[in-house]
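The values are calculated or read from the model by the stated rules, or taken from the named source; none is laboratory data. Note that this is a predicted model, so its numbers are computed, not measured. Positions of Cβ are backbone-derived with ideal geometry, glycine not excepted, and every protein chain shown enters the neighbour counts. Side chains are part of the model used for accessible areas, which takes the heavy atoms of the whole protein and leaves out ligands, DNA and RNA. Shrake-Rupley method; radii C 1.70, N 1.55, O 1.52, S 1.80 Å.
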Amino acid sequence: AQSVTQPDIHITVSEGASLELRCNYSYGATPYLFWYVQSPGQGLQLLLKYFSGDTLVQGIKGFEAEFKRSQSSFNLRKPSVHWSDAAEYFCAVGLLNTGTASKLTFGTGTRLQVTL
Amino acid sequence: DAGITQSPRHKVTETGTPVTLRCHQTENHRYMYWYRQDPGHGLRLIHYSYGVKDTDKGEVSDGYSVSRSKTEDFLLTLESATSSQTSVYFCAISERGVGDTQYFGPGTRLTVL
(Lines give C-alpha, C1' and ligand atoms only; values in the text may rest on other atoms or scores of the structure.)
Protein backbone atom coordinates (compact mmCIF):
# COMPACT_ATOMS: atom_id res chain seq x y z
CA ALA A 1 0.00 0.00 0.00
CA GLN A 2 1.12 3.52 -0.63
CA SER A 3 2.28 5.71 2.21
CA VAL A 4 3.15 9.34 2.74
CA THR A 5 5.76 10.56 5.20
CA GLN A 6 6.09 14.06 6.52
CA PRO A 7 9.14 13.72 8.74
CA ASP A 8 8.80 17.08 10.49
CA ILE A 9 5.94 17.22 12.97
CA HIS A 10 6.61 20.82 13.95
CA ILE A 11 8.71 23.56 12.36
CA THR A 12 9.36 27.09 13.58
CA VAL A 13 10.66 29.80 11.27
CA SER A 14 11.08 33.53 11.57
CA GLU A 15 8.92 35.81 9.48
CA GLY A 16 10.73 36.60 6.26
CA ALA A 17 12.81 33.43 6.33
CA SER A 18 12.56 30.73 3.71
CA LEU A 19 10.60 27.55 4.29
CA GLU A 20 10.82 23.99 3.08
CA LEU A 21 8.42 21.29 4.21
CA ARG A 22 9.33 17.74 3.34
CA CYS A 23 7.11 15.06 1.89
CA ASN A 24 8.15 11.58 0.79
CA TYR A 25 5.89 8.93 -0.65
CA SER A 26 6.16 5.24 -1.18
CA TYR A 27 4.56 3.89 -4.30
CA GLY A 28 5.69 1.89 -7.29
CA ALA A 29 4.52 4.33 -9.92
CA THR A 30 4.16 8.06 -10.22
CA PRO A 31 1.19 9.21 -8.20
CA TYR A 32 -0.49 12.53 -8.31
CA LEU A 33 0.45 14.78 -5.42
CA PHE A 34 -1.14 17.57 -3.40
CA TRP A 35 -0.30 20.01 -0.69
CA TYR A 36 -3.13 21.29 1.51
CA VAL A 37 -3.07 23.83 4.31
CA GLN A 38 -5.31 23.85 7.37
CA SER A 39 -5.71 26.88 9.58
CA PRO A 40 -6.92 26.27 13.15
CA GLY A 41 -10.56 25.22 13.25
CA GLN A 42 -10.84 25.25 9.48
CA GLY A 43 -11.10 22.75 6.68
CA LEU A 44 -8.30 22.00 4.25
CA GLN A 45 -7.45 24.38 1.44
CA LEU A 46 -5.57 23.27 -1.66
CA LEU A 47 -2.19 24.96 -2.12
CA LEU A 48 -1.05 23.14 -5.25
CA LYS A 49 -1.07 19.84 -7.08
CA TYR A 50 1.14 17.84 -9.39
CA PHE A 51 -0.30 15.50 -11.95
CA SER A 52 2.21 15.42 -14.80
CA GLY A 53 4.48 17.69 -16.80
CA ASP A 54 6.69 20.35 -15.30
CA THR A 55 8.07 19.08 -12.00
CA LEU A 56 8.09 22.53 -10.42
CA VAL A 57 4.56 23.49 -9.52
CA GLN A 58 3.38 26.93 -8.50
CA GLY A 59 0.53 27.33 -6.07
CA ILE A 60 -1.39 29.95 -4.19
CA LYS A 61 -0.01 32.29 -1.52
CA GLY A 62 3.50 32.20 -3.05
CA PHE A 63 4.09 28.49 -2.44
CA GLU A 64 5.77 26.12 -4.84
CA ALA A 65 6.66 22.45 -4.78
CA GLU A 66 9.07 20.30 -6.72
CA PHE A 67 8.44 16.71 -7.67
CA LYS A 68 11.61 14.61 -7.65
CA ARG A 69 10.96 11.14 -8.95
CA SER A 70 14.41 9.81 -8.01
CA GLN A 71 13.88 10.79 -4.38
CA SER A 72 10.12 10.06 -4.23
CA SER A 73 9.69 13.52 -2.81
CA PHE A 74 7.37 16.47 -3.23
CA ASN A 75 8.72 19.20 -0.96
CA LEU A 76 6.87 22.45 -0.42
CA ARG A 77 8.79 25.72 -0.43
CA LYS A 78 8.23 29.40 0.12
CA PRO A 79 11.01 31.99 -0.22
CA SER A 80 9.71 34.35 2.47
CA VAL A 81 7.26 33.28 5.14
CA HIS A 82 4.55 35.59 6.48
CA TRP A 83 3.03 35.34 9.95
CA SER A 84 -0.28 34.37 8.33
CA ASP A 85 1.33 31.19 6.99
CA ALA A 86 1.24 29.65 10.45
CA ALA A 87 -0.95 26.58 10.01
CA GLU A 88 -0.77 22.85 9.53
CA TYR A 89 0.34 21.54 6.15
CA PHE A 90 -0.60 18.18 4.69
CA CYS A 91 0.92 16.33 1.79
CA ALA A 92 -1.39 13.87 0.02
CA VAL A 93 -0.90 11.21 -2.60
CA GLY A 94 -3.43 9.83 -5.02
CA LEU A 95 -3.15 6.79 -7.19
CA LEU A 96 -4.11 6.28 -10.78
CA ASN A 97 -5.32 2.71 -10.51
CA THR A 98 -8.04 2.96 -7.89
CA GLY A 99 -11.04 2.72 -10.13
CA THR A 100 -13.02 5.87 -10.54
CA ALA A 101 -12.76 7.72 -7.26
CA SER A 102 -10.00 10.10 -6.28
CA LYS A 103 -8.68 8.28 -3.20
CA LEU A 104 -6.06 10.20 -1.31
CA THR A 105 -3.58 9.09 1.32
CA PHE A 106 -2.51 11.90 3.62
CA GLY A 107 0.65 12.44 5.57
CA THR A 108 0.43 13.15 9.28
CA GLY A 109 0.98 16.86 8.79
CA THR A 110 3.59 19.47 9.68
CA ARG A 111 2.64 22.28 12.01
CA LEU A 112 4.31 25.56 11.07
CA GLN A 113 4.90 28.23 13.67
CA VAL A 114 6.07 31.66 12.55
CA THR A 115 7.90 33.93 14.96
CA LEU A 116 7.92 37.68 14.51
CA ASP B 1 -14.66 28.34 -1.90
CA ALA B 2 -16.57 25.23 -2.88
CA GLY B 3 -20.10 25.20 -1.55
CA ILE B 4 -19.82 22.52 1.11
CA THR B 5 -21.54 22.61 4.46
CA GLN B 6 -21.46 20.10 7.27
CA SER B 7 -23.94 19.70 10.08
CA PRO B 8 -23.74 19.72 12.95
CA ARG B 9 -20.43 21.49 13.41
CA HIS B 10 -20.06 20.22 16.95
CA LYS B 11 -21.68 17.31 18.72
CA VAL B 12 -21.26 15.60 22.04
CA THR B 13 -22.89 12.24 22.47
CA GLU B 14 -22.74 9.18 24.68
CA THR B 15 -21.33 5.76 23.94
CA GLY B 16 -23.84 3.48 22.28
CA THR B 17 -26.02 6.18 20.74
CA PRO B 18 -26.51 6.53 16.98
CA VAL B 19 -25.11 9.62 15.30
CA THR B 20 -25.61 10.97 11.80
CA LEU B 21 -23.45 13.63 10.23
CA ARG B 22 -24.56 15.43 7.11
CA CYS B 23 -22.57 16.82 4.23
CA HIS B 24 -24.33 19.09 1.76
CA GLN B 25 -22.85 20.45 -1.47
CA THR B 26 -24.12 22.98 -3.98
CA GLU B 27 -21.52 22.21 -6.68
CA ASN B 28 -23.28 19.23 -8.25
CA HIS B 29 -20.04 17.23 -7.99
CA ARG B 30 -20.29 13.51 -8.58
CA TYR B 31 -17.84 12.33 -5.93
CA MET B 32 -18.13 12.79 -2.19
CA TYR B 33 -15.88 11.56 0.61
CA TRP B 34 -15.85 11.25 4.37
CA TYR B 35 -12.57 11.49 6.30
CA ARG B 36 -11.69 11.51 9.94
CA GLN B 37 -8.79 13.53 11.32
CA ASP B 38 -6.90 12.41 14.41
CA PRO B 39 -3.62 13.67 15.86
CA GLY B 40 -0.69 11.72 14.50
CA HIS B 41 -2.76 10.15 11.73
CA GLY B 42 -3.55 12.96 9.35
CA LEU B 43 -6.77 12.37 7.45
CA ARG B 44 -8.05 8.87 6.77
CA LEU B 45 -10.75 7.95 4.30
CA ILE B 46 -13.85 6.36 5.83
CA HIS B 47 -16.23 5.98 2.88
CA TYR B 48 -16.76 7.60 -0.46
CA SER B 49 -19.49 7.90 -3.06
CA TYR B 50 -19.18 7.93 -6.83
CA GLY B 51 -22.82 8.69 -7.53
CA VAL B 52 -26.30 8.57 -6.09
CA LYS B 53 -26.71 5.29 -4.22
CA ASP B 54 -23.14 4.29 -5.17
CA THR B 55 -20.77 4.07 -2.23
CA ASP B 56 -17.67 2.15 -1.23
CA LYS B 57 -15.43 1.66 1.77
CA GLY B 58 -12.25 3.48 2.60
CA GLU B 59 -9.41 2.43 4.88
CA VAL B 60 -11.21 2.95 8.23
CA SER B 61 -14.82 2.03 7.49
CA ASP B 62 -15.54 -0.29 10.45
CA GLY B 63 -18.33 1.10 12.62
CA TYR B 64 -19.50 3.56 9.96
CA SER B 65 -22.14 3.47 7.26
CA VAL B 66 -23.05 6.01 4.59
CA SER B 67 -25.93 6.85 2.34
CA ARG B 68 -26.40 9.09 -0.66
CA SER B 69 -29.95 9.44 -1.90
CA LYS B 70 -29.39 12.78 -3.63
CA THR B 71 -26.41 14.24 -5.45
CA GLU B 72 -26.06 17.02 -2.93
CA ASP B 73 -26.22 15.06 0.33
CA PHE B 74 -23.87 12.45 1.78
CA LEU B 75 -24.68 11.12 5.24
CA LEU B 76 -22.28 9.41 7.61
CA THR B 77 -23.83 7.28 10.35
CA LEU B 78 -22.26 5.83 13.45
CA GLU B 79 -24.74 3.12 14.36
CA SER B 80 -23.50 2.84 17.94
CA ALA B 81 -20.90 5.45 18.77
CA THR B 82 -17.76 4.50 20.67
CA SER B 83 -15.12 6.65 22.34
CA SER B 84 -12.64 5.67 19.62
CA GLN B 85 -14.84 7.54 17.15
CA THR B 86 -14.18 10.83 18.87
CA SER B 87 -12.63 12.80 16.07
CA VAL B 88 -13.01 15.63 13.60
CA TYR B 89 -14.89 14.53 10.51
CA PHE B 90 -14.41 16.17 7.15
CA CYS B 91 -16.46 15.86 4.04
CA ALA B 92 -14.86 16.44 0.64
CA ILE B 93 -16.10 16.60 -2.93
CA SER B 94 -14.56 16.25 -6.36
CA GLU B 95 -16.07 16.83 -9.76
CA ARG B 96 -14.21 14.00 -11.43
CA GLY B 97 -12.54 10.90 -10.10
CA VAL B 98 -8.96 9.82 -10.31
CA GLY B 99 -6.52 12.72 -10.39
CA ASP B 100 -9.05 15.36 -9.51
CA THR B 101 -8.76 17.84 -6.67
CA GLN B 102 -10.83 17.33 -3.55
CA TYR B 103 -12.42 20.30 -1.84
CA PHE B 104 -13.12 20.10 1.86
CA GLY B 105 -15.91 21.18 4.12
CA PRO B 106 -15.37 22.96 7.46
CA GLY B 107 -15.51 19.79 9.55
CA THR B 108 -17.59 18.38 12.41
CA ARG B 109 -16.06 17.88 15.82
CA LEU B 110 -17.61 14.80 17.44
CA THR B 111 -17.01 13.85 21.04
CA VAL B 112 -18.22 10.48 22.31
CA LEU B 113 -18.29 10.25 26.09
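Strictly over 29 Å apart at the Cα level, which of B:Lys11/B:Lys53; A:Lys68/A:Lys103; A:Lys49/B:Lys11 would you flag in this model?
Values: B:Lys11/B:Lys53 26 Å; A:Lys68/A:Lys103 22 Å; A:Lys49/B:Lys11 33 Å.
Where the Cα-Cα span goes over 29 Å, the pairs concerned are A:Lys49/B:Lys11.
At a 1.4 Å probe radius, carbon and sulfur cover how many percent of the accessible area of chain A?
On the way: 2650 of 5360 Å².
C and S fraction of accessible area: 50 percent.
Excluding ligands, DNA and RNA, what is the accessible area buried between chains A and B, summed over both sides, using a 1.4 Å probe, to the nearest 100 Å²? Walk me through the numbers before you get to the answer.
Details: alone 6230 and 6090 Å², together 10550 Å².
Adding both sides of the contact gives about 1800 Å².
Which peptide among A:83-93, B:52-62 comes first, and what is the full order, when sorted by highest mean count of other Cβ atoms within 10 Å?
Values: A:83-93: 20.2, B:52-62: 14.1.
By packing density, highest mean first, the sequence is A:83-93, B:52-62.
Counting only protein heavy atoms, probe 1.4 Å: which residues of the stretch B:79-113 lose 30 Å² or more of accessible surface in the full assembly compared with their chain by itself?
B:Phe90, B:Val98, B:Gly99, B:Thr101, B:Gln102, B:Phe104
Let's test the formula: R0 of 45 Å, r as the Cβ-Cβ distance of B:Lys11 and A:Ser70. What FRET efficiency results, to the nearest 0.05?
Details: r = 47 Å, r/R0 = 1.04.
The formula returns an efficiency of 0.45 here.
How much of the accessible area of chain B, in percent, comes from carbon and sulfur atoms when a 1.4 Å probe is used?
Working: 2400 of 5190 Å².
Carbon and sulfur together cover 46 percent of it.
Under the Kirkwood approximation for Rh and a Cα-based Rg, what ratio Rg/Rh is obtained for the stretch A:3-115? Please report the intermediate quantities before stating the final value.
Details: Rg = 13.6 Å, Rh = 14.2 Å.
We get a ratio of 0.96 for the stretch A:3-115.
Take the protein assembly as shown, compute every pairwise Cα distance, and split them into 5 Å bins from 0; I just need the percent in each bin.
The calculated distribution, bin by bin, is 1, 7, 15, 19, 19, 16, 12, 7, 3, 1, 0.
Taking R0 as 45 Å, what FRET efficiency do you get between B:Arg96 and A:His10 from their Cβ-Cβ distance, rounded to the nearest 0.05?
On the way: r = 35 Å, r/R0 = 0.78.
In this case the efficiency is close to 0.80.
So, R0 is 22 Å and r is the distance between the beta-carbons of A:Gln2 and A:Arg111; what FRET efficiency does that work out to, to 0.05? Could the numbers behind the result be given before it?
Working: r = 23 Å, r/R0 = 1.06.
Plugging the Cβ-Cβ distance into 1/(1 + (r/R0)^6) gives 0.40.
What ranking, highest mean first, results for peptides B:72-82, B:16-26, B:94-104, A:10-20 when packing means the other Cβ atoms within 10 Å averaged over each residue?
On the way: B:72-82: 17.4, B:16-26: 15.8, B:94-104: 19.2, A:10-20: 13.0.
Packing order, densest peptide first, comes out as B:94-104, B:72-82, B:16-26, A:10-20.
From other protein chains only, count the Cβ atoms within 10 Å of every residue's Cβ in B:34-42, then give the mean. Write down the numbers at each step before the final one.
Values: counts 0, 3, 0, 7, 1, 3, 3, 4, 12.
Counting Cβ atoms of other protein chains within 10 Å of each residue's Cβ and averaging gives 4.
At 7 Å along Cα-to-Cβ for each site, give me the label-to-label distance between A:Glu20 and B:Thr26 in nm.
Spacing of the two 7 Å Cα→Cβ label points: 4.3 nm.
Please work out the average accessible area per residue across the stretch A:28-116, using the 1.4 Å probe convention, and give it in Å². Mind dumping the intermediate values first?
On the way: 3860 Å² over 89 residues.
Accessible area per residue, the stretch A:28-116: 43 Å².
Under the Karplus relation 6.51 cos²θ - 1.76 cosθ + 1.60, θ = phi - 60°, what is the ordered set of whole-Hz ³J(HN,Hα) values for the stretch B:58-74, x standing for Gly and Pro?
Rounded to whole hertz, the list is x, 7, 10, 8, 4, x, 10, 9, 9, 8, 9, 9, 9, 3, 7, 10, 9.
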